[in-house]
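First up is the structure itself, then whatever we jot down about it.
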There are 2 protein chains.
Amino acid sequence: MSRKFNQNYTYNPKKDLSSSEIAKGVLNADTNILSQAITLSESKNKEDRSLVYSALSKLPLNKHKSFKIGVTGSPGVGKSTFIESFGKHLSALGISVAVLTVDPSSNLNGGSILGDKTRMEELSNLPNVFIRPSPSKGELGGVTEQSYESILLCEKAGFDVIIVETVGVGQSETHVKHLVDFFLLLILAGAGDELQGIKRGIMELADGILITKSDGENKINAKNAKKNYQNAIHLFPNKENKWTPKVQTCSSIENKGILEIWELIKDFKSACTENKWINRNRTKQDVFWFNQKLNQFIKEDFFSNSNTLNKVKQIEKDVKEKKLDPFTAAAKIFEDEP
Amino acid sequence: MSRKFNQNYTYNPKKDLSSSEIAKGVLNADTNILSQAITLSESKNKEDRSLVYSALSKLPLNKHKSFKIGVTGSPGVGKSTFIESFGKHLSALGISVAVLTVDPSSNLNGGSILGDKTRMEELSNLPNVFIRPSPSKGELGGVTEQSYESILLCEKAGFDVIIVETVGVGQSETHVKHLVDFFLLLILAGAGDELQGIKRGIMELADGILITKSDGENKINAKNAKKNYQNAIHLFPNKENKWTPKVQTCSSIENKGILEIWELIKDFKSACTENKWINRNRTKQDVFWFNQKLNQFIKEDFFSNSNTLNKVKQIEKDVKEKKLDPFTAAAKIFEDEP
């Protein structure tokens with residue numbers, strides 16, 4: 001049974017939430033508090049982040065595990081439209097969904113801003129659906145170092161499915177594989193790979209490829225694209241999860257292929273639960289994030305001293321002005337002051 | 001005028017070199033000591049590395065700057081053969097060359113081991129040539145974190161040209177762009193891109209593409225490949241250095257095209273010196289390595305405490321056994337012991 005989420009709050013950010021209030025809110029799946037917690041975790045201010053860190057440490061160890069789906073594709077491929085249809089479908093099945101999406105208003109890669117906003121609102125009004133747009137930092141196409149915290153918070157809140165959207169520019173996808181169980185690549189029929197800037201590495205990551213906008217005159221294109229990608233998939237090396245990626249078509253307008261993609265994901269889930277890959281992969285991801293976070297904390301701890309910070313800035317300046325070579329400069333940071 | 005290098009030593013590693021002896025040896029371009037210093041810099045033993053770090057800090061700031069060339073290509077493309085011919089050519093011109101190459105005997109990617117060894121010996125007997133094979137760690141195709149130190153040591157020894165070889169598997173090339181001024185991609189005519197595993201990203205990095213083994217029956221293939229790559233180059237985005245990559249053919253057996261590639265590199269050097277890109281790029285690289293090394297030292301400093309190290313190992317075990325989530329686990333490292 002899926003949990004009920006208290007979504008019918010007016011958005012009213014309380015700036016002075018304590019870490020206990022955050023912990024309690026997240027545990028109760030209060031989407032208002034969840035949203036604030038994500039905002040705090042994305043803050044540049046270390047104190048804001050510490051508040052979330054402290055809340056996270058108060059939450060019990062996860063028993064419930066959300067199934068995490070990465071959705072990627074070039075701008076214009078129809079990611080928002082797909083996520084809307086897909087989210088509606090899951091919601092109708094009584095499955096709770098959290099969507100971590102790129103905020104198009106801050107998206108350097110363009111996209112139909114007003115259109116996206118409207119769709120987001122429609123989907124977000126459905127029961128058991130939580131949508132959280134994050135500002136795109138440009139470089140990583142929406143997934144940032146902080147996405148791990150956002151996902152962890154949604155997981156602790158008990159969502160059945162978490163959808164993580166990225167924009168298919170390359171770097172973010174190799175990053176997102178440390179975050180998700182299933183990776184879905186959206187492709188627009190008719191536009192060549194080159195045109196869409198889809199890199200081979202991204203195709204190799206995909207567990208499923210979905211040809212979007214398979215409607216009207218575009219149907220024949222979509223069918224051809226499906227065949228081509230199906231052939232292309234066999235040229236790729238076998239995946240660690242032993243899963244052979246599937247190619248499907250969909251039309252969000254005609255509402256076709258949405259049901260089928262959820263069936264595909266369920267097939268994947270049961271195959272990769274049976275061969276224990278999902279579990280193994282999650283352990284690997286956990287170790288990865290443990291090391292990532294440890295490195296982050298080590299650095300933050302080091303730079304928390306303002307004297308150290310000033311010293312680093314001064315010495316970096318000397319490097320830029322070629323007064324010190326990089327190596328000697330880095331070693332100098334650890335020298336005691338005279 | 002090029003410096004003279006004292007190469008006619010019998011290789012006789014003195015294990016107890018002091019950091020002053022290393023510094024002096026490197027400064028005098030004693031290739032025997034230089035080779036030992038690189039070995040020490042590649043050591044897993046922190047004390048060995050510290051010895052080199054300390055020697056580096058004793059060396060004066062670089063006035064002389066070596067011109068650094070990255071050479072990449074799939075196994076079998078003829079990298080060793082090319083580097084041999086190219087090195088001989090430079091040596092004949094009185095230009096001193098250091099070659100940091102992948103040791104084929106430890107190369108997971110295969111390659112003609114005996115052939116390579118023989119070639120290496122022939123080239124290494126030439127005046128003003130220093131060859132240093134490094135064990136390929138497999139993953140990065142020969143370029144490791146330590147390559148920076150190796151290059152810095154060769155630079156301090158005053159070589160005119162430093163050639164850095166990688167095996168074209170992808171990751172190493174994005175790494176190597178932080179190390180070199182000019183990036184040369186070797187391609188074997190007749191073998192398709194897919195076959196050679198050359199990724200688009202690598203082609204985008206290339207400042208020059210050299211079609212190898214353009215001799216005998218293969219000449220016509222090489223000519224076609226040249227045309228194809230010349231066309232392909234125009235599809236790539238403009239490079240930051242404003243240089244349009246050039247495609248050439250060569251035959252190491254017939255000794256053709258070697259002179260031309262050095263002319264090409266000289267053209268690049270003068271164009272990118274004039275538009276100040278080389279200087280800007282080197283400053284960027286310096287800042288990059290300053291931060292890399294700083295991060296390395298921060299981590300090493302943190303883990304130098306054996307209590308900390310044990311704690312991390314224990315907590316990582318808890319993460320693997322799912323007793324702690326990664327986030328709480330990382331934060332726990334910074335908690336004071338009860």
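The values are calculated or read from the model by the stated rules, or taken from the named source; none is laboratory data. Please read all numbers here as calculations on a predicted model, not as lab measurements. Positions of Cβ are generated from backbone atoms using ideal geometry, with glycine treated the same way; all protein chains shown enter the neighbour counts.
Summary table
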read-out: Whichever residue in segment B:276-309 is closer than 20 Å to B:Leu184 by Cβ and touching a Lys or Arg at 6+ places or on another chain (Cβ under 8 Å) and, among such residues, is farthest from the other protein chains (Cβ to nearest Cβ); value: B:Trp277
read-out: Some residue of segment B:308-317 being surrounded by fewer than 20 Cβ atoms within 10 Å (Cβ to Cβ) and touching a residue at least 40 places away in the same chain (Cβ under 8 Å); value: no
read-out: Residues of segment A:324-338 classified as more than 7 Å from chain B (Cβ to nearest Cβ) and surrounded by fewer than 15 Cβ atoms within 10 Å (Cβ to Cβ), total; value: 4
read-out: Single residue of segment B:42-70 satisfying the filter (small (Gly, Ala, Ser) and within 14 Å of another protein chain (Cβ to nearest Cβ)) that is nearest to B:Phe302 (Cα to Cα); value: B:Ser50
read-out: So B:Thr244, is it assigned by TED's automatic domain parsing to the domain that holds B:Glu149, within 21 Å of the chain's Cα centre (by Cα) and over 29 Å from A:Lys317 (Cβ atoms); value: no
read-out: Unmet requirement for B:Thr39, which otherwise passes all of (1) polar (S, T, N, Q); (2) closer than 25 Å to B:Glu300 by Cα; (3) buried (at least 17 other Cβ atoms within 10 Å of the Cβ); value: (3)
read-out: Qualifying residue in segment A:237-260 (condition: within 14 Å of chain B (Cβ to nearest Cβ) and of a type outside the set (Val, Ile, Thr)); value: yes
read-out: Tally of residues being at pLDDT 90 or above and among the basic types (Lys, Arg) across segment A:144-200; value: 1
read-out: Neighbours by Cβ (under 6 Å, 6+ apart or cross-chain): first from segment B:255-276, within 21 Å of B:Lys226 (Cβ to Cβ); second among the hydrophobic types (A, V, I, L, M, F, W, C) and in a helix (DSSP H, G or I); value: B:Ile258/B:Phe86
read-out: Subset tally (residues that are more than 36 Å from the chain's Cα centre (by Cα) and within 7 Å of chain A (Cβ to nearest Cβ)) for segment B:310-319; value: 1
read-out: A:Ile233 vs. criteria out of contact with any Cys (no Cβ under 9 Å at 6 or more places or on another chain) and surrounded by 13 or more Cβ atoms within 10 Å (Cβ to Cβ); value: yes
read-out: First in segment A:207-222 and at positive phi, second anywhere and surrounded by fewer than 21 Cβ atoms within 10 Å (Cβ to Cβ) and in a helix (DSSP H, G or I), Cβ under 9 Å, 6 or more apart; value: A:Lys213/A:Thr81; A:Lys213/A:Asn221
read-out: Hits in segment A:242-266 - residues which are among the β-branched types (Val, Ile, Thr) and either in contact with a strand residue (DSSP E or B) (Cβ under 9 Å, 6 or more places away or on another chain) or closer than 15 Å to A:Ile83 by Cβ (or both); value: A:Val247, A:Thr249, A:Ile253, A:Ile258, A:Ile261, A:Ile265
